[in-house]
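Working notes for the structure below.
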Amino acid sequence: MDRSRQPFASSAAVRTKMQRQRSRDTAAEVALRRLLHSRGLRYRVHQRPLPELRRIADLVFRPARVAVFVDGCFWHGCPDHGQREYRVNTWYWPEKIERNRRRDAETTTLLAAAGWQVIRVWEHERPEDAADRIGAALAARRSPAAPPRTPPTPPTPAQ
Ligand SMILES: [Zn+2]
């Protein structure tokens, strides 16, 4: 009989998860940064998009005014991996997670009001998919709102 086998303890698992909480340089963030960099995209890391607003984005594309937040599934209440509580016939986010979610929504609103585009990436999202979304947003922001250039005149067919 194997007495060294660890008993399953969900509370211990949760505690470990909470202790390992890191808001910066998470694996998801690092993987995404590496991929964006390899695609030739340049960004600032952990900066305030707006100096007067005390919110720090994980990635900031300042000329395009695109801010990226990589949200951890647990603390930001991912619908698939967040930890909800069952109370009175309804699922609730625990208070701390609910506060984070409200703050996230508020950050998005405030930045959007200042002309920024906010992209939220879940920790569980494939870095390739996130990088595609970011790349598409940057391309769209870069393309001028000016009228399209006149198409080149077709060559006159030889008589
Ligand atoms: Zn998730």
(Q) List pairs: first residue in region 66-81 and in contact (Cβ under 8 Å) with a residue 60 or more places away in the chain and more than 9 Å from the ligand (Cβ to nearest atom), second residue among the aromatic types (Phe, Trp, Tyr) and assigned to a loop (DSSP other than H, G, I, E, B) anywhere in the structure, Cβ distance under 9 angstrom, at least six positions apart or on different chains. (A) VAL66/TYR43; VAL66/TRP116; VAL68/TYR43
Q) How many of the residues in region 113-133 are under 19 Å from ARG24 (Cα atoms) and part of a helix (DSSP H, G or I)? A) 3
Q.
Can you tell me which of (1) among the hydrophobic types (A, V, I, L, M, F, W, C); (2) at pLDDT 95 or above; (3) over 20 Å from ASP71 (Cα atoms) is the one VAL118 doesn't meet?
A. (3)
Q) Is it the case that some residue within region 114-122 is within 13 Å of the ligand (Cβ to nearest atom) and either touching a Gly at 6+ places or on another chain (Cβ under 6 Å) or farther than 22 Å from ARG34 by Cα (or both)? A) no
Q) Within region 99-111, is there a residue that is assigned to a helix (DSSP H, G or I), in contact with a Leu (Cβ under 7 Å, 6 or more places away or on another chain) and surrounded by fewer than 19 Cβ atoms within 10 Å (Cβ to Cβ)? A) yes
Q: Could you please find all residues in region 26-84 being part of a helix (DSSP H, G or I) and surrounded by 13 or more Cβ atoms within 10 Å (Cβ to Cβ)?
A: ALA28, GLU29, VAL30, ALA31, LEU32, ARG33, LEU35, LEU36
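The values are calculated or read from the model by the stated rules, or taken from the named source; none is laboratory data. In this text, all values refer to a predicted model and were calculated from it rather than measured experimentally. Every residue, glycine as well, gets a Cβ built from its backbone with ideal geometry; the counts of neighbours run over all protein chains shown.
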